[in-house]
1. Being among the acidic types (Asp, Glu) and surrounded by 16 or more Cβ atoms within 10 Å (Cβ to Cβ), is that true of even one residue in segment 8-29?
2. Pull out all pairs, ordered by first then second residue, where Cβ-Cβ is under 8 Å, the residues are six or more apart or on different chains, the first lies in segment 198-222 and is hydroxyl-bearing (Ser, Thr, Tyr), and the second is at pLDDT 75 or above and assigned to a helix (DSSP H, G or I).
3. Please indicate, with yes or no, whether at least one residue in segment 352-366 is in the same structural domain as residue 200 (by TED's automatic domain parsing), of a type outside the set (Val, Ile, Thr) and under 25 Å from residue 112 (Cα atoms).
4. Residue pairs, Cβ under 8 Å, 6 or more apart or interchain, first in segment 266-287 and among the basic types (Lys, Arg), second surrounded by fewer than 16 Cβ atoms within 10 Å (Cβ to Cβ). List them.
5. Could you say which residue among 305, 365 is surrounded by fewer than 19 Cβ atoms within 10 Å (Cβ to Cβ) and more than 24 Å from residue 172 (Cβ to Cβ)?
6. Do any helices (runs of 4 or more DSSP H) entirely within segment 54-112 hold 2 or more residues that are more than 20 Å from residue 276 (Cα to Cα) and free of Cβ contacts under 8 Å to residues at least 12 places away in the same chain, and if so, which?
7. Looking only at segment 159-174, count every residue that is closer than 17 Å to residue 63 by Cα and touching a Phe, Trp or Tyr at 6+ places or on another chain (Cβ under 8 Å) and tell me the total.
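The values are calculated or read from the model by the stated rules, or taken from the named source; none is laboratory data. Here the structure is a predicted model, which means the values were calculated and not measured. So basically every Cβ, Gly included, is an ideal-geometry build from the backbone, and we count neighbours across all protein chains shown.
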Amino acid sequence: MASKVDPGIAEKARVLGAGNLTSCFHCGNCTVVCPLSDGDVSFPRRIIRNLQLGLKDKLMESPEPWLCYYCGECSETCPRGAEPAESVMAARRYLTTQYDVTGLAYKMYTSKAWEFGAIFGLGFLVVLLFALFHGPIVTERVELNTFAPAHVIELIDWGMGALLSVFLLSNVFRMVRRVLSAETTKIPRRLYFTELLALPLHFATQKRWKDCEDSRMWKKHMLLVSGYVTMFVMIFGFLKWFQTDEVHPFWHPQRLLGYFATFALLYVTGDMIVGRIKKKRQMHKFSHSTDWLFLILLFLTALTGILIHIFRVNGFPISTYTTYVIHMAILVPMLLIEVPFGKWSHLAYRPVIAYLNHVKKKAAGSNIS
């Protein structure tokens with residue numbers, strides 16, 4: 001079957017942070033040292049070849065870019081210094097722009113003006129809406145739910161969640177359709193249902209990451225995801241319980257869960273930011289602007305969240321209200337821009353691909369018709 005060729009893919013990949021594609025002559029060293037390569041998955045060689053030759057269809061139909069966990073070992077041992085890990089990362093960014101029909105993902109990745117303009121513009125809109133529609137400001141004591149009623153914020157959260165779901169799930173659907181269109185293994189339909197548990201399992205654990213030589217990043221990623229999911233569930237599912245003016249004792253579950261989520265987010269994002277500044281590890285030597293923005297926004301979201309709590313329990317009303325507005329001005333752009341169009345979207349793409357790959361292996365090893 002003929003494959004569509006796009007001669008401009010290599011240049012697009014370069015803009016998206018690829019390594020030196022022209023230096024790679026496919027010696028195979030990267031595939032040999034990769035602990036995740038097997039008979040069916042020979043990355044990063046095949047990904048790099050698709051980028052070099054502009055094989056757009058092959059790249060769009062390949063699950064391999066999402067099965068790489070960016071340990072950087074291939075780049076560390078590349079005899080040509082071609083930085084294959086960065087090319088795989090660029091391939092993921094390119095695919096993210098292709099799944100998105102709005103074109104916003106491509107603009108976020110290729111234009112800092114669009115990237116920062118969208119973040120600051122949406123943040124300014126949040127501040128403006130609070131300035132126009134906030135509730136009464138009580139200064140004698142902290143009454144956050146008078147200033148920003150939890151039931152109103154909860155409805156906004158649900159609306160925002162629905163919008164995120166539309167964007168992200170439609171992108172995931174396009175990815176799945178392209179990947180399955182090239183699948184040659186006959187997969188019984190019921191396997192998609194009987195093996196469905198693999199999807200949340202891969203989302204929650206990213207367990208294949210443990211097979212990489214350095215598993216420390218897997219442990220940190222687990223901590224980060226657990227903190228993020230804890231905060232996400234509390235905000236979108238139990239906001240009326242979480243956003244309260246009552247001062248609970250330290251050991252109250254509401255406070256303990258909040259402290260855990262805050263610690264996880266601040267520690268891991270802070271560690272990743274420091275790592276990118278020091279550039280000691282291979283995976284931290286090259287960082288796209290979207291990588292920095294994602295980490296900084298997540299760090300600031302957790303920081304302003306804990307500051308709200310500190311000001312609230314110590315009875316500083318104006319500081320509480322002001323920090324709450326700043327917190328929302330950071331949180332909303334992070335969710336509406338980074339989740340469907342930026343770095344954070346890989347949390348949806350990678351588990352889905354891992355699930356499909358799991359189903360494929362089950363089908364190949366079974367006699368189910």
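1. No, that holds for no residue.
2. Close Cβ pairs (under 8 Å, with a partner that is at pLDDT 75 or above and assigned to a helix (DSSP H, G or I)) amount to 205/222; 215/209.
3. no
4. Matching pairs, first to second residue: 276/292; 285/279.
5. Numbers: 305 fails: surrounded by fewer than 19 Cβ atoms within 10 Å (Cβ to Cβ).
Every option except 365 fails the conditions.
6. Once the helices (runs of 4 or more DSSP H) in segment 54-112 are filtered for at least 2 residues that are more than 20 Å from residue 276 (Cα to Cα) and free of Cβ contacts under 8 Å to residues at least 12 places away in the same chain, what remains is 104-110.
7. Of the residues in that region, 3 qualify.
Listed here are the residues, each with its yes/no results for (1) closer than 27 Å to residue 109 by Cα; (2) modelled with pLDDT of 90 or more; (3) in contact with a strand residue (DSSP E or B) (Cβ under 7 Å, 6 or more places away or on another chain); (4) among the hydrophobic types (A, V, I, L, M, F, W, C).
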residue: 282; (1), (2), (3), (4): yes, no, no, no
residue: 302; (1), (2), (3), (4): yes, yes, no, yes
residue: 317; (1), (2), (3), (4): no, yes, no, no
residue: 347; (1), (2), (3), (4): yes, no, no, yes
residue: 350; (1), (2), (3), (4): yes, yes, no, no
